[in-house]
1. What trypsin sites (Lys or Arg not before Pro) does segment 110-186 have in DSSP loop regions with at most 12 other beta carbons within 10 Å?
2. Of the candidates Ser78, Ser108, Ser252, which one comes out as most mobile in a Gaussian network treatment of the chain with C-alpha springs shorter than 10 Å?
3. In debye, nearest 20: dipole of segment 274-375 around its Cα centre with unit charges on the Cβ of K, R (+) and D, E (-)?
4. Can you tell me how segment 316-373 classifies by the Cα gyration tensor, rounded, prolate or oblate, using a/c under 1.5 as the rounded cut?
5. So what is the relative contact order of the chain, in percent, for Cα pairs below 8 Å that sit 6 or more residues apart?
6. Looking at the chain as a GNM with Cα springs under 10 Å, which of Leu50, Leu312, Leu351 has the largest mean-square fluctuation?
7. Find out how many positive minus negative residues lie around Thr311, taking Lys and Arg as positive, Asp and Glu as negative, among other residues whose Cβ is under 12 Å from that of Thr311.
8. Pull up the cross-link candidates among the lysines for Lys331, meaning alpha carbon to alpha carbon under 16 Å and not fewer than 8 places away within one chain.
Amino acid sequence: MHHVLVLGAGQLAQMMSLAGAPLNIKISAFDVVTNQIVHPLTQEILGTGLDTAIAQADVITAEFEHIPHDILYHCEKSGKLRPGAQAIKTGGDRRLEKKILDESGVESAKYYVIETKDDFEKAIQHVGIPMVLKTALGGYDGKGQWRLHTKADADAIWQEIQTSLESTQNQAVVAEAFIPFDREVSLVGARDQSGKTAIYSLSENIHTNGVLSLSTSLHDPELQNQAHTMFKAVADALNYTGVLALEFFDVSGNLLVNEIAPRVHNSGHWTQEGAETCQFENHLRAVCGLPLGCTKLLRPTSMINILGENTLPEAILDTDGCHVHWYGKEKRPGRKMGHINVCAENDEKRLKTLCSLAQILDKKSFPALHKLIEI
Ligand code: AMP
């Protein structure tokens, strides 16, 4: 039996708990909003404080990168935190992310860090227009971002950036060249404490308004090799333990890293039914010091995020190859409420199933699915 304390009590902790049960890995979760230790599936408050939970855990890990730093360092002192505080912090701070990419020789969009008006002017010179501006801390799913398309908009955008810089301590904005990418892909993989890795097939991802809508396993040996090399470089530089995800822009077959996620990742949810061992199990294996599981792609699989809905037509359950995963969260517009994994023996059949789902699922909540059938 291994006891793992997960920092964060959302759907990722929940799916770790489900994946860990057959291996006798017991999960408790620390809700960073309420500062309570909860059961990851029922959200029942377990009544132990953080210090007791740390003492009772064999391993501590995180389900998201925006964990308050005092809590991260407190956990790290126990010697049980995997991946380490620096790796988790790197995923939550775009300045650190860019630094580690530079240090590991991995390409990403040209950038400039902005703290003052003068930096903003310099960023325009250095990076050029069009430019994407992202808050260094606290941004995710496209939040905390601006697009500068013409010089004429610079003053108005600077006003907004200035407000943002004043709102959070140690805040900065990272200006990045706008990348005219062909598509977005990501690589999810696990690294164990000895540096051995187990990598999944790439995923091709479709975002709508910055939020992942559809993710599909991708068979592309050349791109996979490129991504694998970049993954190794970043994971080694971070001396990483656990599952790590790299998000890329694919520009004519050349990959640029967009983001590093030091955790199990939404674009890896398809591994639950599409791979020999899912990302949640492999994360737990890595952090618990167990051998990594085989990551072989079993069958082409797509993951459809359920955004802002808490019911689905029953016909989904009656569709071959469809697997529904609800997170049990309260309904809010656009919120990630669950996902559907769609598996088939080949890509043609997978696409056929996606098209049939588009007939019964609403465009507002399943935008990428509908985009797919419009093509
Ligand atoms: P992010 O939160 O950095 O993943 O950004 C959200 C989405 O904005 C990405 O998935 C891209 O679709 C888009 N995006 C982010 N950075 C850039 C960029 N430098 N150039 C073009 N599009 C971008």
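1. Numbers: sites: Lys110, Lys117, Lys122, Lys134, Lys143, Arg147, Lys151, Arg183; in loops: Lys110, Lys143.
For trypsin sites (Lys or Arg not before Pro) across segment 110-186 that sit outside H, G, I, E and B with at most 12 neighbouring Cβ atoms in 10 Å, the list reads Lys143.
2. The residue with the greatest mean-square fluctuation here is Ser252.
3. Details: 14 positive and 12 negative charges, 85 e Å.
Dipole magnitude for segment 274-375 comes out near 400 debye.
4. oblate
5. Numbers: 790 pairs, mean separation 50.1, N = 375.
With pairs under 8 Å counted, the relative contact order is 13 percent.
6. Leu312
7. On the way: positive: Lys331; negative: Glu309, Glu314, Asp362.
Residues near Thr311 contribute -2 overall.
8. By straight Cα distance, Lys331 reaches Lys364.
Each value in this text was obtained by applying a stated rule to the coordinates, not by laboratory testing. It should be emphasised that the depicted structure is a prediction, and the values quoted were computed from it without experimental measurement. Positions of Cβ are generated from backbone atoms using ideal geometry, with glycine treated the same way; all protein chains shown enter the neighbour counts.
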